[in-house]
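Novice: The structure is given below, and queries will be raised subsequently.
The values are calculated or read from the model by the stated rules, or taken from the named source; none is laboratory data. Note that this is a predicted model, so its numbers are computed, not measured. Here Cβ is always computed from backbone atoms with ideal geometry, including for glycine, and neighbour counts include all displayed protein chains. The accessibility values were calculated without ligands, DNA or RNA, using every heavy atom of the protein model including side chains. Shrake-Rupley method; radii C 1.70, N 1.55, O 1.52, S 1.80 Å.
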Amino acid sequence: MTTDSSPVTFINVFEIAAEDLDAFVEQWERRARLMRDKPGFLDSRMHRARSSDSRFQLVNVSHWESQEAWEAATADPGFAARTRAAREQTSRPVTPNPAVYDVVVEVTAP
């Protein structure tokens, strides 16, 4: 069992129109820089699908020292406003699918 003070992984997969990808990624990078300075932030990466047929064109994976740190960072009103604006500035709706996860299995190369 994990506690709120154990490290967490935040994953957000995005359904987004192909024509909106570049602009959305640019805006996401600006928002990610805001998070970088928040207490408890460890790292974040945005992944782009190689195939335009993929349901989820973008996948964000971020690591935080704790769920409490992640919750405090995402409660920032400036971050929330920028996130909302990014979704509204696309030609079609962007559907985020965010959640916080714990690692349950880890396999590494020998």
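Novice: Each label point is 7 Å from the Cα along the Cα-to-Cβ direction; what then is the distance between the points at GLU26 and GLU68, in nm?
Specialist: For the pair GLU26/GLU68, the computed spacing is 4.0 nm.
Novice: Please get the size of the charge dipole for the stretch 1-89, origin at its Cα centre, with Cβ charges of +1 on Lys and Arg and -1 on Asp and Glu, quoted in debye to the nearest 20.
Specialist: Result for the stretch 1-89 is approximately 140 debye, rounded to the nearest 20.
Novice: Something else now. To the nearest 20 debye, what charge dipole does the stretch 1-44 have about its Cα centre, counting +1 at the Cβ of each Lys and Arg and -1 at the Cβ of each Asp and Glu?
Specialist: Computed charge dipole of the stretch 1-44: roughly 320 debye.
Novice: If you don't mind, there's one more thing I want to ask. As a check on your grasp of the helix formula, calculate [θ] at 222 nm for the chain: sum -39500 (n - 2.57) over DSSP H runs of n ≥ 4, divide by the residue count, round to the nearest 500.
Specialist: -10000 deg cm²/dmol, from helical runs alone.
Novice: Another question, then. Enter the accessible area per residue of the chain (Å², integer; probe 1.4 Å; all protein chains in place).
Specialist: Here the per-residue accessible area is 67 Å².
Novice: Any idea which of PHE41, GLN89, THR108 is furthest toward the positive side of the dipole for the chain, if Lys and Arg beta-carbons carry +1 and Asp and Glu beta-carbons -1?
Specialist: GLN89
Novice: List the trypsin sites (Lys or Arg not before Pro) within the stretch 1-53 that DSSP assigns to loop and that have no more than 10 neighbouring Cβ atoms inside 10 Å.
Specialist: Within the stretch 1-53, the qualifying trypsin sites (Lys or Arg not before Pro) (loop, at most 10 other Cβ atoms within 10 Å) are ARG50.
Novice: Ranked from the most accessible area to the least, with a 1.4 Å probe and all protein chains present, what is the order of SER54, SER62, SER5?
Specialist: Output order, biggest surface exposure first: SER5, SER54, SER62.
Novice: Rounded to the nearest 10 Å², what accessible area does THR74 show when all protein chains are kept and the probe is 1.4 Å?
Specialist: The accessible area comes out at roughly 40 Å².
Novice: Within the stretch 22-110, what whole-number % of the accessible surface is contributed by carbon and sulfur, with the 1.4 Å probe and all protein chains included in the calculation?
Specialist: Carbon and sulfur atoms account for 50 percent of the accessible area of the stretch 22-110.
Novice: Loop by DSSP (not H, G, I, E, B), at most 16 other beta-carbon atoms within 10 Å: where is the longest site-free stretch of the chain for GluC sites (Glu not before Pro)?
Specialist: Looking at the chain, 1-64 is the longest stretch - no exposed GluC sites (Glu not before Pro) with at most 16 other Cβ atoms within 10 Å.
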